[in-house]
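Encoded as structure tokens, the structure appears first; notes follow it.
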Ligand code: NAD
């Protein structure tokens, strides 16, 4: 199935790296214009340089999604450059690993602020325009940790569970307006975020990085393969298609079989 998103304008947060970059690439390949947003200006510049901009347009916008003023400014930039935004991908995220009793409050706050408050602020910014146009798509990149917990990831697990609540509420509120709001929940995808976890677990357990992947990360995934970021890009594009217009408030788990049993 070829998905045509030409004439659609998208904002992708966390677009400088990993899954956000892969989704930007997939949206661009489907003809959408893309505003790639991230908190890291240099990485953002490098990322857009690697994007094929022959069809449609791509722009960058530096913004911290947890800051309401910066989100408002991002909204203004995106609207000025690309017109009313039809598609929002909330992808900005980060991880911090610590036992609950030692979890530093500043890291708890940061993770919740970026992944939950940030998604809320961006939804508030872009949903009204979509509703008045009577077409829109919001895809929240949650995680397998929106449905299961893992030890030492209290803030991440809490933020991602919360993001599903936001997804469902937004989907209900927008249901009559042609806008859908869904979540995609991957298990381990090979990106910078996971590379950092592999390296720190190898050091912590005194084992090789290969062993961390095989014995720790892939242990709960029966398919026993890390997911490629491009797969999440294709899935996000599908959720943005007209074929997916009645998929709403859904949490699409992409977990290599983690939650089968
Ligand atoms: P990544 O580290 O490659 O990319 C995350 C991007 O988010 C970075 O470019 C970073 O600069 C940006 N970011 C961080 N804080 C920000 C902020 N305040 N404002 C704007 N941008 C900010 O990681 P990734 O693996 O591509 O993760 C992307 C999303 O996918 C995250 O929400 C993550 O939780 C989720 N996810 C990742 C995996 C995985 O295995 N990699 C699995 C499930 C879900």
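The values are calculated or read from the model by the stated rules, or taken from the named source; none is laboratory data. Owing to the predicted nature of the structure, the values given are computational and were not obtained by experimental measurement. As a convention, Cβ positions derive from the backbone with ideal geometry for all residues, glycine included, and neighbour counts pool all protein chains shown.
Below is a table of values for the structure above.
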| read-out | value |
| --- | --- |
| Those residues of the range 3-22 which are surrounded by 24 or more Cβ atoms within 10 Å (Cβ to Cβ) and within 6 Å of the ligand (Cβ to nearest atom), in sequence order | 13, 14, 16, 19, 20 |
| In the range 76-88, residue nearest to residue 128 (Cα to Cα) [restricted to those that are surrounded by 16 or more Cβ atoms within 10 Å (Cβ to Cβ) and without any contact (Cβ under 8 Å) to a residue 60 or more places away in the chain] | 79 |
| Among residues of the range 94-118, those that are without any contact (Cβ under 8 Å) to a residue 60 or more places away in the chain and within 16 Å of the ligand (Cβ to nearest atom), counted | 12 |
| Residues of the range 89-106 that turn out to be over 30 Å from residue 180 (Cα atoms) and buried (at least 17 other Cβ atoms within 10 Å of the Cβ), as a count | 2 |
| Among (1) touching a helix residue (DSSP H, G or I) at 6+ places or on another chain (Cβ under 6 Å); (2) over 28 Å from residue 127 (Cβ atoms); (3) at pLDDT 95 or above - the single one residue 201 does not satisfy | (3) |
